[in-house]
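This report refers to the structure that appears directly beneath it.
Please treat every number below as a calculation from the coordinates, not as lab data. Because the structure is predicted, anything quoted here is derived from the model rather than measured. Cβ atoms come from the backbone with ideal geometry, glycine included; neighbour counts cover every protein chain shown.
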Amino acid sequence: MNAYNWYSTLIKPSWAPPSFLFGPVWTFLYVLIFISFGKVFMMFYQKQIPFIVVLPFILNLIFNFSFTYFQFGLKNNLLASIDILLILSTLIWAMIVIFPFARWITYIQIPYLLWVSFATVLQLTITYLNK
């Protein structure tokens, strides 16, 4: 609750979505992530793809789960901004390297890419407005 109160006091741009939207969006995205990333890990386990293809997926999960800690645990907008840039870059990397092996996995990442792109601009804007 303390983190929510802190976040609600931050200056946000007028185009920021309402807080209640984040839960449903992330629930949908986590289903897509579970399906597609699970398939990537299974393909690696079955030796259908090399580790270099799996690496950006692993990093993306680490950065994705770290964001909440940086933003709401540490209440550090700068670290959260750096982290979300890493989420975006590892997602793009993952989409590129998996494409030759399983195009559908790249395509299923498009909603995630769109949301993370929007969230990156939002986070960078919030960081700028609250410096």
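When you count, for each residue, the other Cβ atoms within 10 Å and take the mean per peptide, how do 19-32, 99-112 rank with the highest first?
Values: 19-32: 11.8, 99-112: 15.4.
Taking the mean over residues of other Cβ atoms within 10 Å, the ranking is 99-112, 19-32.
For Leu10, what is the net charge nearby, where nearby means another residue's Cβ is under 12 Å from its Cβ and Lys, Arg count +1, Asp, Glu -1?
Details: positive: Lys12, Lys75, Lys131; negative: none.
Net local charge, Leu10 excluded: +3.
Output the relative contact order of the chain, whole-number percent, from Cα pairs under 8 angstrom with separation of 6+ residues. Can you show the working numbers first?
Numbers: 101 pairs, mean separation 42.2, N = 131.
Taking the mean separation of contacting Cα pairs over the length of the chain, I get 32 percent.
Where does the charge balance sit around Ala80 when Lys and Arg score +1, Asp and Glu -1, over other residues with C-beta under 15 Å from its C-beta? Present the calculation step by step, with values, prior to reporting the outcome.
Values: positive: Lys12, Lys75, Lys131; negative: Asp83.
Neighbourhood net charge equals +2.
Select from the chain the helices, each a whole stretch of DSSP H, whose alpha-carbon atoms run 20 Å or more along the helix axis and whose Kyte-Doolittle mean is at least 0.0; answer none if there are none. Can you show the working numbers first?
Details: long enough: 22-45 (32 Å, 1.60); 51-68 (27 Å, 2.07); 77-98 (31 Å, 2.24); 110-129 (28 Å, 1.48).
Helices meeting the criterion: 22-45, 51-68, 77-98, 110-129.
Sum up the charges of everything whose Cβ sits under 12 Å from the Cβ of Thr68, counting Lys and Arg as +1 and Asp and Glu as -1, but leave Thr68 out.
Details: positive: Lys75; negative: Asp83.
Around Thr68, the surrounding residues sum to 0.
Counting only pairs 8 or more residues apart or on different chains, how many lysine pairs in the chain have their Cα atoms under 18 Å apart?
Numbers: Lys12/Lys75; Lys12/Lys131; Lys39/Lys47; Lys75/Lys131.
Qualifying lysine pairs in the chain: 4.
Taking the beta-carbon count within 10 Å as an exposure proxy, list Val97, Val121 from fewest neighbours to most.
Listing Val97, Val121 from fewest to most nearby Cβ atoms yields Val121, Val97.
Sorting Trp115, Trp15 on the 10 Å Cβ count, fewest up front, what's the list? Numbers along the way, then the final one.
Values: Trp115 15, Trp15 9.
Fewest to most other Cβ atoms nearby, the residues stand as Trp15, Trp115.
Calculate the length of the line joining the C-alpha centroid of the stretch 1-52 to that of the stretch 67-104, in whole Å.
9
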